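Q: Quick one: structure below, then a few questions.
The values are calculated or read from the model by the stated rules, or taken from the named source; none is laboratory data. Because the structure is predicted, anything quoted here is derived from the model rather than measured. Please note: Cβ atoms are built from the backbone with ideal geometry, for glycine as well, and neighbour counts cover all protein chains shown. Please note that ligands, DNA and RNA were not included when accessible areas were found on the heavy atoms of the full protein model with its side chains. Shrake-Rupley method; radii C 1.70, N 1.55, O 1.52, S 1.80 Å.
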Amino acid sequence: MRISAIVFIGAVAVTFGAFATTVSPWWWPAALLFAALAGVGSHDLLQKRHSVLRNYPVLGHVRFMLESIRPELQQYFIERNYDGRPYDRDVRSLVYQRAKGLEAEQAFGTERNVYAEGYEYFESSMRPHPVQAEQPRVRVGGPDCTKPYDMALLNVSAMSFGSLSANAVLALNRGAALGGFAHDTGEGGLSEYHLRHGGDLVWEIGTGYFGCRTADGRFDRERFAAKAAHDNVKCVSLKLSQGAKPGIGGVLPGEKVTAEIARVREVPEGRTVISPPYHEVFSTPRQLIRFLAEMRELSGGKPVGFKLCVGSRREFLAVCKAMIEEGTAPDFIVVDGAEGGTGAAPLEFADHLGSPLTEGLITVHNALVGAGLRDRIRIGASGKVATGADIVKRMVQGADFTNAARAMMFAIGCIQAQSCHTNTCPAGVATQDPRRARALHVDDKSVRVQRFQSATVHSSMRIIASLGVSGPAALRPDMLRRRVDPVTV
């Protein structure tokens, strides 16, 4: 049956081609198109991978084409302004407008259902406070720190060179330098692109110890001390886990380990690099606290902290107990939400592992308060922070400062194509393809980063003033309300 169909298609194609060449040259394009379709149809009938194509040759390709552009169709034509995922159109538009220096305003009222379960809002005051003129800073550095750092309320969250293009890293760091806020390097090492424009850096160290590792992948204290001494490095962060994939490490395939990536991460070129899910330097809470103290000493007294996506409350309480018993503590803790981030992860991990930021943040804050450690440790919140309301919400829940990754990507041109792991980012942000990356103009995008950060922090200060208080330190948990059912807030 299939053979006869192929023979029939081929015969029709040959007949039509012969006819076209004898009647008029104008028929030749149609003949070539028909021959190409005949070739595709014959291939579809003979191949054994796709049942749809065997049953519906040629036409079956339409199904695959529509499937490939489904995210774009969903994002631009189907989803409403306020219910898209991971970020809805309203949030993306707000970031784009602020990055371009435009007014991010909306007419005719909110589109959200304010009586829906889960709706959150702030309690405004009858006597608003004047808006604070200068952006407040958060002093990061406990009693064991000799070089404290004044952190902005909104900073660039952890994104590595390798996952981001060189131009993206340059734009983010130059924006941080222009705006006076911090730029987290991610765990992929300290590259020249992080250092070129002089932005303040939080150097993140992961389980692979990239940039400060021995040949066999262990922590190299001498290399760490040499790089941590750089003037641009203001803080050091030890990554225990991240929101996108808590509990698992990472694999960088050998074909992606270019000469430049190998130089930054201090790994062999062309060889697959594995980041284990755990640290080899420590295995108990007390060993963790001792290692953080050692990192602080090796860095010359700079603030040292750790990042985690909270899982077991009992385990975090054990870490607090270890701080008390060791008589020392980190200078800051960054809480990453299970909402995920720029890093690709297995669907099961992204959907079902780790605490969302609200629960994780409150757990850490309350645990530190109960242990009598909250005054000496600053808390950062990292997880879908994109608006002034997000900043205020997280500070109400216990954070001292916030970090944003995907919102900063929007500011430099990201269109939420969700192809960060494919090396085909259409905006040149999350790719190592030089032809794609060149589309990202560093000077233009860096100014957009600075504008977005400044406007968003200013928005948060306006919200704080509308609550009737003078600054972040006066925020209280009761200022944030959530509707839990139609008649209960």
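Q: Whole Å is fine, so just give me how far the alpha carbon centre of segment 25-58 lies from that of segment 433-489.
A: Cα centroid to Cα centroid, the span is 53 Å.
Q: Something else: Let me check I've understood the local charge: for residue 413, count other residues with C-beta under 10 angstrom from its C-beta, Lys and Arg +1, Asp and Glu -1. What total comes out?
A: Neighbour charge sum, excluding residue 413 itself: +1.
Q: Another question, then. Would you mind checking the pairs 384/445; 100/234; 147/445; 307/393; 256/302; 307/445 and listing those with alpha carbons more than 25 angstrom apart?
A: 100/234; 147/445; 256/302; 307/445
Q: With a 1.4 Å probe and all protein chains left in place, how much accessible area per residue does segment 353-432 have, in Å²?
A: Normalised by residue count, the accessible surface of segment 353-432 is 30 Å².
Q: Can you give the accessible area of residue 422 in Å² (nearest 10), computed on protein heavy atoms with a 1.4 Å probe?
A: 60 Å²
Q: So what's the back-of-envelope 222 nm ellipticity for the chain, counting only DSSP H runs of four-plus at -39500 (n - 2.57) apiece and dividing by all residues, rounded to 500?
A: Dividing the helical sum by the residues of the chain leaves -12000 deg cm²/dmol.
Q: Let me know the shape class of segment 197-355, please: from the alpha-carbon gyration tensor, a ≥ b ≥ c as square roots of the eigenvalues, rounded when a/c is under 1.5, otherwise prolate if a/b is greater than b/c, or oblate.
A: It comes out oblate by the Cα gyration axes.
Q: For segment 224-337, report the accessible area per residue in Å² (1.4 Å probe, heavy atoms, rounded to an integer).
A: I get 43 Å² per residue for this part.
Q: In addition: In whole Å, what is the distance between the alpha-carbon centres of segment 170-214 and segment 81-126?
A: If we compute the Cα centre of each part, the gap is 31 Å.
Q: Percent relative contact order of the chain, based on C-alpha pairs within less than 8 angstrom and at least six residues apart?
A: This gives 20 percent for the chain.
Q: A further question on this structure: Among 108, 306, what's the order by accessible area (1.4 angstrom probe), most exposed first?
A: Highest to lowest solvent-accessible surface, that is 108, 306.
Q: Which percent of the accessible heavy-atom area of the chain goes to carbon and sulfur, probe 1.4 angstrom?
A: Of all accessible area on the chain, carbon and sulfur atoms account for 55 percent.
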